[in-house]
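Take a look at the structure set out below.
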């Protein structure tokens, strides 16, 4: 039934030109305990939305056809009301997820009992993770969070951003995921667009293209062997093989998925710089903001797991349906 409803939404968006936000990523705070080399969000000073305003927007979103919201940041667990937000989201029939460093999770575990998926950032073994994320304790945060989530029956996966520091450690992360009987999603480097703040030069963090392709080929071989510790689909891995210049695939950002910033701005994608102000759902309501999104400007393409799979599904590339069940059901 859930898959049928999802296919009905996809058909309405694709053939009837409707806008239905099936999936949303909501950056509910810019505050963060990490200082990742590839992300400078922790340098921002944005006024966050109040609990009341977030719950109000969630009520609007619930009537728009949204099936899943991934709350990110910054570090969402730094918000005192994160448990209330998750529980309310679940009551509305929307599946709540969180992207987290794992920081403070053990003390908040009872509050987030209604979470459907915890995505724990982990960029490699302890010394590599600490080098990448700028905090000596960061590896232990992730491990403690994984163990705590497992003990409390909260589904979780790891997410790994591929840089020159950890490109040789993908098998280590896969083994760790396998030891927890869970998955890891590998993501290529991509600058965050609309924050309009300087990040460390991504070129200085990037692996060479030859090394990157060698690593993706390795992951493809694992995937062909039915390696179950990877969230990336085979099609998704083949797509990111050509990073940073991807093969063209129609992007449905702003049509079937969108992003919300900590201050309430709605965008088709947060990896693109926009020349004009974006609509703010805290000011004009979510439905109006979503329906007035600007067209997507041209870009080099996307390598992010969730976006790739949604775009593939919109193209009726059903060989990725196994992965899609983990994303939209």
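Express the Stokes-Einstein translational diffusion coefficient of the stretch 110-255 in µm² s⁻¹, to the nearest whole number, given a Kirkwood radius over alpha-carbon pairs, 20 °C and a viscosity of 1.002 mPa s.
Details: Rh = 16.5 Å.
Once the numbers are plugged in, D ends up at 130 µm²/s.
Considering every pair of different Cα atoms, what Kirkwood radius, in Å, is found for the chain?
Numbers: mean 1/r = 0.0501 Å⁻¹.
About 20.0 Å for the chain.
When DSSP beta bridges are restricted to pairs lying wholly in the chain, around 10% turn out antiparallel.
Model label sites at residue 7 and residue 113, defined 7 Å from Cα along the beta-carbon direction, differ in position by 3.7 nm. Placing a label point 7 Å from the Cα of residue 16 along the Cα-to-Cβ direction, the residues of the stretch 44-63 whose backbone N falls under 18 Å from that point are 62-63. Going from the fewest other Cβ atoms within 10 Å to the most, the residues 8, 314 appear in the order 8, 314. Kirkwood analysis of the stretch 204-329, using all unique Cα-Cα pairs, places the hydrodynamic radius at 16.2 Å. The alpha carbon centroids of the stretch 143-166 and the stretch 1-69 are separated by 22 Å.
Apply the a/c threshold of 1.5 to the C-alpha gyration tensor of the stretch 12-149 and tell me whether it is rounded, prolate or oblate. Write down the numbers at each step before the final one.
Details: a/c = 1.88, a/b = 1.70, b/c = 1.11.
Here the stretch 12-149 falls in the prolate category.
Going from the fewest other Cβ atoms within 10 Å to the most, the residues 86, 20, 308 appear in the order 20, 86, 308. Between residue 137 and residue 234, how high is the FRET efficiency from 1/(1 + (r/R0)^6) when r is the Cβ-Cβ distance and R₀ = 51 Å? Nearest 0.05. Working from the Cβ atoms, E equals 0.90. Where only DSSP H runs of four or more residues are counted, the chain gives -11000 deg cm²/dmol as its mean residue ellipticity at 222 nm, each run worth -39500 (n - 2.57).
Annotation for residue 202 and residue 224: the two label points, set 7 Å from Cα along the Cα-Cβ direction, are 2.9 nm apart.
Values quoted throughout were computed directly from the atomic coordinates according to the rules given, and no laboratory measurement underlies them. Owing to the predicted nature of the structure, the values given are computational and were not obtained by experimental measurement. Glycine also receives a Cβ, built like all others from the backbone with ideal geometry; neighbour counts cover every protein chain displayed.
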